Structure formats: C-alpha cells, structure tokens
C-alpha cells in the first residue's frame, strides 16, 4: 500500500511546492495578518488556512468537490459568499486607518482564535481551491497503491505538509515588517489600505471567476 516510484514523488512534490508558492487569497491573508499582528497573528492565520485546506482534501476524497465542479448553483453560492467575505475583510482593513497595525492603547486586539476562524473561512469559501484539489489530487492516484480515497487523503495532506515548510518562513519574515510598521502610524495607514485593497481585489476576482 502507498508504493510509488521516485518519479511519482519528484513530480508530486515539485507541483506541491509550486502550488504553495503561488500567490492567492491564502498567502495574502497570512501575510496581511502577520503584518498587522506579528508572529502570533500570522501563525493563527496560517493554522486557519491549513484547517480550511484539510476540509478541501476531505471533500475531494469523498467526492463532494464534484458537486461544485458540476453544479452551477452550488459553485455560485459558495463563490459569492467567499467573495463577499474577502471584500468585507478588505473594507474592514481600509476603514481601520492603521489602527489594527499600530495597536494603539484602548483598541481591542483581535484574538488568535478569531484570526484562526477567519483563515478557515478564507480557505473553505474559495470554490476554486476545492475544484483544484479535485483536479490535482487524482493525477497522482496509482492503481494497486491503495484505495482511491486513501491515496487522495495522503497526497492532500502531503500538500499541506509542504506548506508547513514554506509558510512559517513567510510568517517569520513578515513579522519583522510588523515591528517597523508599529513604529510608524503613517506607514501603518498605507499598509492597511494596501492590504484592504488587495483583499477587495481578490474578492472581486473570485466573484468574476468561472468554474472552468
């Protein structure tokens, strides 16, 4: 069970690394939260994104992602909810006026648990990720290597395992930026606006996306 060739693993891990390095809402959310709240917020966001990715892996393994791939209504519902959520996050960042980054006295700090939940939603409410996993993971299913569901779960979890080698580095690098940001209210304002604009843009891109 789970016996694969060297070519299989080299191809898979190359694809997994490229997948985790590609820009998108997940990386943008992790970087944004890291810049706003430092390492604690960044790691909370990262764990939330990973949890959402695990949900997509399970969905792909049991075939639920096929519903999003074949049903225009299901895809549209998830897409619009996800787009609205990203745009809402963007508007919140723009309206914060740098307060979320500077963390002035008397301002309510966002809890790690709240950031974690946001990360889960950012990942889970992106139907393009669900469809990607449904299309990506089956490419590495080998006859005789085990049940199809088990192979899908294995490779899906390995994609997330690759993320554990890449995204913590992103968080640690972003945390250094957060230190400088907290010392400059003006920089914090512009970074909040930039992050907010990015999330609004990602939300609009998701809203305009198609299944294929």
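Between residue 88 and residue 9, the simple spin-label model (points 7 angstrom out along Cα→Cβ) gives 4.4 nm. Within segment 112-156, what residues put their amide N at less than 13 Å from the label point 7 Å along the Cα-to-Cβ vector of residue 22? In segment 112-156, the label zone of residue 22 (backbone N under 13 Å from the point 7 Å along Cα→Cβ) covers 128-137. Computed from the C-beta positions of residue 165 and residue 55 and an R0 of 25 Å, the FRET efficiency is 0.75 to the nearest 0.05. Going by neighbour counts of Cβ atoms within 10 Å, the residues 142, 167 line up, fewest first, as 142, 167.
Could you line up 134, 121 from fewest to most neighbouring Cβ atoms inside 10 Å?
Fewest-to-most ranking of 134, 121: 121, 134.
Of 87, 166, 49, the sequence from fewest to most neighbouring Cβ atoms within 10 angstrom is 166, 87, 49. Here the label points at residue 148 and residue 135, each 7 Å from Cα along the C-beta direction, are separated by 1.9 nm in the simple model. Spin-label pair residue 113-residue 39: with each label point 7 Å from Cα along the Cα-Cβ axis, the two points sit 2.3 nm from one another.
All of the numbers you see were taken from the coordinates with simple rules; none came from a lab. This structure is a prediction, so every number in the text was calculated from the model and none was measured. With ideal geometry, Cβ positions are generated from the backbone for all residues, glycine too; neighbour counts draw on all protein chains shown.
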